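The values are calculated or read from the model by the stated rules, or taken from the named source; none is laboratory data. It should be emphasised that the depicted structure is a prediction, and the values quoted were computed from it without experimental measurement. Cβ atoms come from the backbone with ideal geometry, glycine included; neighbour counts cover every protein chain shown. To get the accessible areas, we keep the full protein, side chains included, count just its heavy atoms, and leave off ligands, DNA and RNA. Shrake-Rupley method; radii C 1.70, N 1.55, O 1.52, S 1.80 Å.
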Amino acid sequence: MLNFISIDITYLMNSQHISRINDVLYYIHQDIASDLSAKRLADFAAYSEQHFHRVFKRVVGEGVHQYIRRTRMEYAANQLMFDARTPVIDIANKCGFSSLSSFAKAFKAEFQVTPGQWRHGEGISLTRATIHDSDVAEGYRRVANLILPRPKIIETQPRLTAYIRHQGYNRSIRQAWVALSHWAEEEGRSVSQQFALHHSNPAWVSLEQCRYVACLAIDKPVKLRSVVNQLTIPGGLHAVFRLQGRYGELLPQVSLIFEKWLPQSRYKLRLTPAYVHYHKNHFLNDDQQFEIDFYLPISAF
């Protein structure tokens, strides 16, 4: 996932501020290597720079520089762990760093080890996020020896969606889906095509900080943007895995894809977020069962 706004506080804020900061977050995640200075982002959102800092922190829950640094470091951690062939300097450049020394300093400040040590597995056990959700912890144990399904490698088209951002990967995600479903009902829109963006790797991002975006496919733009906004899920080459199970087992299965399938494949991660297409949504179904297609954005070496 983005210290995403939660449904509990959204109505205390000006809807236009939320919409404009949502646009900024989308802009950031389109290309985390680009110039993401506060001045540029403030101009993009049509704020003065000083006011932008205040509004961003109020909506997102952390400062813009901290947010961007954390986003870049999470991406770098994934690349270093699951792409052993790309030079560290190339990963640094993809994360918006022009020098290896500045990247190494920022990485060590975030993960307490150097990029080289991280790539060789040093410090992972110290940094690996503690799973406080008992269902997810049990899910990791249940799927530890799971044989992953063979993925389909396909080119996908961009998908226009309406969305609500959410912070935390736990049952509170249901709040986002309920709110999004109510919005769709009021707008007379279908809820049949449900997607979600997964921005965070729960292996080293706490579940409370994982970034999640609930999305509904739409065939026409959102007229009045506020808590519900619109974004386009990027297309491109993806490895698509059909996964199923019950609440607590999805993140462990996704972790297996990153930790077992990806390093052994001939592919590497792209910058765009992974996402799921729900055929059964465990956050909405009473039986808490899921059936999904998991889309991992990849490129050939």
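Computed over the Cα atoms, what is the radius of gyration of the chain divided by 2.2 N^0.38 Å, N being its residue count? Write down the numbers at each step before the final one.
Details: Rg = 18.7 Å, N = 301, 2.2 N^0.38 = 19.2 Å.
Ratio of Cα Rg to 2.2 N^0.38 Å: 0.97.
Give the share of C-alpha pairs in each 10 angstrom bin for segment 30-151, from 0 to the last occupied bin, in whole percents, shortest bins first.
Values per bin, smallest distances first: 11, 32, 30, 22, 5, 0.
Under a plain spin-label model, where a point goes 7 Å from the Cα along Cα-to-Cβ, how far apart in nm are T156 and R85?
Simple spin-label model gives 2.3 nm for this pair.
So if I place +1 on the C-beta of Lys and Arg and -1 on the C-beta of Asp and Glu, and nothing else carries charge, what would the dipole magnitude of the chain be about its Cα centre? I want it in debye, nearest 20.
Numbers: 35 positive and 27 negative charges, 117 e Å.
It works out to roughly 560 debye.
Between S48 and S206, what FRET efficiency comes out of the Förster formula 1/(1 + (r/R0)^6) with R0 = 30 Å and r the beta carbon distance, rounded to 0.05?
On the way: r = 34 Å, r/R0 = 1.12.
So, using R0 = 30 Å, E works out to roughly 0.35.
Taking the Cβ-Cβ separation of S192 and S37 as r and a Förster radius of 41 Å, what is the calculated FRET efficiency to the nearest 0.05?
Numbers: r = 41 Å, r/R0 = 0.99.
E(calc), rounded to 0.05, equals 0.50.
Scattering from the C-alpha atoms of segment 199-244 alone, worked out with Debye: what is log10 I(q)/I(0) at q = 0.17, 0.20, 0.22, 0.31 1/Å?
-0.82, -0.99, -1.05, -1.13
First check a/c for segment 133-213, with a ≥ b ≥ c the square roots of the eigenvalues of its C-alpha gyration tensor; if it is under 1.5, answer rounded, and if not, answer prolate when a/b is larger than b/c or oblate otherwise. Display every interim value, and only then the final one.
Values: a/c = 2.14, a/b = 1.36, b/c = 1.58.
Verdict is oblate for segment 133-213.
Taking only DSSP H segments of four or more residues, each worth -39500 (n - 2.57), what value at 222 nm results for the chain once the sum is divided by all its residues, to the nearest 500 deg cm²/dmol?
Values: 11 runs with 114 residues, N = 301.
Mean residue ellipticity, 222 nm, calculated: -11500 deg cm²/dmol.
Can you give the extra length, in nm with one decimal, that the chain gains between S102 and L237 once fully stretched, where that is 0.36 nm per residue apart less the Cα-Cα distance?
Numbers: separation 135, 0.36 × 135 = 48.60 nm, distance 3.13 nm.
Fully extending the segment from S102 to L237 adds 45.5 nm.
Segment 209-301: D in µm²/s via Stokes-Einstein (Kirkwood Rh, Cα pairs, 37 °C, 0.692 mPa s)? If you can, show how the numbers build up before the last one.
Working: Rh = 15.0 Å.
In µm²/s, the coefficient rounds to 219.
Enumerate the whole-percent occupancy of each 10 Å bin, from 0 to the last occupied one, for all C-alpha pair distances of segment 157-272.
12, 40, 36, 12, 1
Students often get this wrong, so check it: of K152/K220; K223/K280; K94/K152; K57/K268, which have C-alpha atoms separated by over 31 Å? All intermediate terms of the calculation are to be shown ahead of the outcome.
Details: K152/K220 29 Å; K223/K280 28 Å; K94/K152 26 Å; K57/K268 33 Å.
Beyond 31 Å between Cα atoms: K57/K268.
In segment 48-109, carbon and sulfur make up what percent of the accessible area (probe 1.4 Å)? Spell out each step's value before the answer.
Details: 1570 of 2870 Å².
Percent of accessible area from carbon and sulfur atoms in segment 48-109: 55.
What percent of all Cα-Cα pairs in segment 77-117 falls in each 10 Å bin, counting up from 0?
With 10 Å bins starting at 0, P(r) equals 32, 64, 5.
Can you pull the percent of segment 208-288's accessible area that's carbon plus sulfur, 1.4 Å probe, other chains left in place?
Details: 1540 of 3250 Å².
So the carbon and sulfur contribution to the accessible surface is 47 percent.
What per residue convex hull volume, in Å³, comes out for segment 247-296 when only alpha-carbon positions are used? Could the numbers behind the result be given before it?
Working: hull volume 3.8 nm³, N = 50.
Spelled out: Cα convex hull of segment 247-296, divided by residues, is 76 Å³.
In Å², what does the accessible area per residue of the chain work out to with a 1.4 Å probe? Could you put the intermediate results ahead of the total?
Numbers: 13700 Å² over 301 residues.
On a per-residue basis, the chain sits at 46 Å².
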